[in-house]
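In what follows, a structure is listed as structure tokens, so that the remarks can point back to it.
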Amino acid sequence: MAAAIGSSSFTLLRNCALVVRPFSTAKVFPRPASAFSFHSKRVRFPVPSSHSRSRRLRFATNAVNDEEAAAKAAAATLDEGAPTIFDKIIAKEIPSSIVYEDEKVLAFRDISPQAPVHVVIIPKIRDGLTELGKAEARHGEILGQLLYAAKIVAEKEGVVDGFRVVINSGPTACQSVYHLHLHVLGGRQMKWPPG
Ligand code: AMP
């Protein structure tokens, strides 16, 4: 069990590193001090002055491919019953910055925020919901509760007038933790298509 969680954490750390934009400066949104502290607020990468657009694009494409590869690797080693890093968060065995909690759901700040507000919402009991693609009719109630919790979180975070809810389901969508979760993103202008 511990080994499964350990390897999942490693995959996630790789993902965190890879989502940082590899050229110019990449802004990482500030997070509360209670969460992990290994992210700097601004990461600079050495960029040669003669770099070409094609080199930059190649670098960016490699980073995206690595993220996809990490997601596919996570899916390939997926054991449907294995605990994930989110089980440790639910059990409060590792720290998290909790934004909202009730009997059924837990919402905490994402460790690698992609917007000024980035909160992950999970069911406290996974009950087979490793991903949305595995949902069955019996999950209807908890899925509704998760969506309603997203609205509560948006209100609490002051972004209820404009926010985005994302669910990555499966390797093609770059899901990296196989415990169904919603991302609530807000506090900046969102773009469409999302990429
Ligand atoms: P996904 O890629 O859709 O599976 O999302 C998983 C999310 O969980 C990513 O955005 C990670 O940054 C986030 N995450 C992973 N580990 C932690 C953690 N220990 N605390 C908070 N967020 C985490």
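The values are calculated or read from the model by the stated rules, or taken from the named source; none is laboratory data. Everything quoted here is computed from the prediction, not taken from an experiment. With ideal geometry, Cβ positions are generated from the backbone for all residues, glycine too; neighbour counts draw on all protein chains shown. Heads up: the accessible areas ignore ligands, DNA and RNA and are worked out on the full protein's heavy atoms, side chains in. Shrake-Rupley method; radii C 1.70, N 1.55, O 1.52, S 1.80 Å.
Quick look at the values:
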quantity	calculated
Stokes-Einstein D in µm²/s, Kirkwood radius over Cα pairs - region 85-186 at 20 °C with 1.002 mPa s viscosity	157 µm²/s
For E80, solvent-accessible area (1.4 Å; no DNA, RNA or ligand), Å²	90 Å²
Karplus 3J(HN,Hα) series, Hz, for region 94-103 with 6.51 cos²θ - 1.76 cosθ + 1.60 (x for Gly, Pro)	10, x, 8, 9, 7, 9, 7, 8, 9, 4
Over 30 Å (Cα to Cα) - which of K92/K191; K124/K156; K72/K124 fall in this group	K92/K191
Simple spin-label estimate for Q145 and V160 in nanometres, 7 Å along Cα-Cβ	2.1 nm
Contour minus Cα-Cα distance for E103 and E68 (0.36 nm per residue)	9.2 nm
Residues of type aspartates and glutamates that K151 reaches as a straight line, Cα spacing below 20 Å, ignoring anything fewer than 8 places off in the same chain	E101, D102, E103, D110, E141, D161
